[in-house]
Amino acid sequence: MRYVFAAVLIAALASSVWAGSSLIHYGMRGTDVKEIQQMLVDLGHELVVDGVFGPKTKAAVMQVQKDLGLRVDGVVGPETRAALAELREAVVSYTVQRGDNLTAIAMRYQTTVDSIVSYNNLNNPHRLLPGQVLLIPTSDLPVFGSVLYRLGGMIWPVQGRISSGYGYRTHPITKVYHFHGGIDIAVAHGTPVRAALAGKVVKAGNLGGLGLAIVIDHGNEITTWYGHNSALLVRVGDYVQQGQVIARSGRTGVATGPHLDFRIKIRDQTVDPLKYLP
Ligand SMILES: [Zn+2]
């Protein structure tokens, strides 16, 4: 459970660039070894950062390689090094201070309590002990960015003016101040709606407020949502290519006029699509 992002990270490796080419292995000493040890410590491994590649360092490297599905040889080559760097970007270790609680920690790192609980397999999240080390997924951004990188990036599902952004707003119909989990893109009725990324259709039908909507699963717990359509052109179970027309826009569900409500969810949480669209 520690490396829940493993699949994503491995995918990112192919595109990771590492200038060096030497291998760092058992018996070596020096700043290169120190750097690797520091990365391992940042990831929650208990090591002394002394620049000596001993049995403990090797065991930690092998553990990471095993968790990530890499070749388990205890040798830090370009692939393992890139994996460590990528992991460190996505995860930090945090030592619990007196008076801390998970909500505050989650807020500080822009993540969720659930993420921290599941990442650390916490049995009793309400009993944090000072000195306890937690691994914190720092942000969904680097991880999701990796996926986008592998897939060549997301494309706009439609072209149009953004009539309502992501975040808190007063709903135009209900007048209730609430969180808007997507962006509304104003388009003419019947405009082709395209898949922002390739994936598998997991919902296609009436989703209440979103009206006739499509949900595409892109793997790695990432889904995109397309709401308020007038017609749906794909079915649950279909695999769609990026750019494939999946629906025609409309104003079904709760909508004042024809527009596409586009959402991105990571692990069931919405994120701001504008961070990921080109
Ligand atoms: Zn909307």
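Taken together, the values in this text are just the output of simple stated rules run on the coordinates, not laboratory data. Every value quoted in this text rests on a predicted model; they were computed, and no experiment measured them. Methodologically, a virtual Cβ is constructed for each residue, glycine included, from the backbone with ideal geometry; neighbour enumeration extends over all protein chains shown.
Some notes on this structure:
- Debye intensity ratio in log₁₀ form over the Cα atoms of the chain, taken at each q of 0.14, 0.15 Å⁻¹: -1.01, -1.08
- HIS189/LYS275 FRET efficiency (R0 30 Å; Cβ-Cβ; nearest 0.05): 0.60
- Relative contact order [Cα under 8 Å, 6+ residues apart], the range 153-275, whole percent: 29
- Taking amide H as placed 1.01 Å from N in the peptide plane, the amide H of LEU207 sits under 5 Å from that of LEU212, ALA213, each at least 5 places away or on another chain.
- Order of THR256, THR223 under a 10 Å beta carbon neighbour criterion, fewest first: THR256, THR223
- Taking a straight line from the alpha carbon of LYS58, these lysines sit under 21 Å away, with near neighbours fewer than eight places off in the same chain left out: LYS34, LYS66.
- Footprinting exposure proxy for ILE155, ILE216, ILE24 (fewest neighbouring C-beta atoms within 10 Å first): ILE155, ILE24, ILE216
- Mean separation of Cα contacts under 8 Å (6+ apart) over length of the chain, as relative contact order %: 15
- The label-point distance for LYS66 and THR170, in a model that sets each label 7 Å from Cα toward Cβ, rounds to 5.9 nm.
- Modelled FRET efficiency - R0 35 Å, LEU233 with PHE179, Cβ distances, 0.05 increments: 0.75
- Using the Karplus relation 6.51 cos²θ - 1.76 cosθ + 1.60 with θ = phi - 60°, the per-residue 3J(HN,Hα) values for the range 170-181 come to 8, 4, x, 9, 7, 6, 8, 6, 8, 8, 9, x Hz, with x marking Gly and Pro.
- Taking the charge dipole of the chain about its Cα centre, with +1 at Lys and Arg Cβ atoms and -1 at Asp and Glu Cβ atoms, the residue from PRO130, VAL117, ALA196 reaching farthest to the positive side is ALA196.
- Directionally averaged projected area (convex hull, Cα atoms, the range 153-275), nm²: 6.5
- Peptides ranked, highest mean first, by Cβ atoms within 10 Å: ranges 172-185, 56-69: 56-69, 172-185
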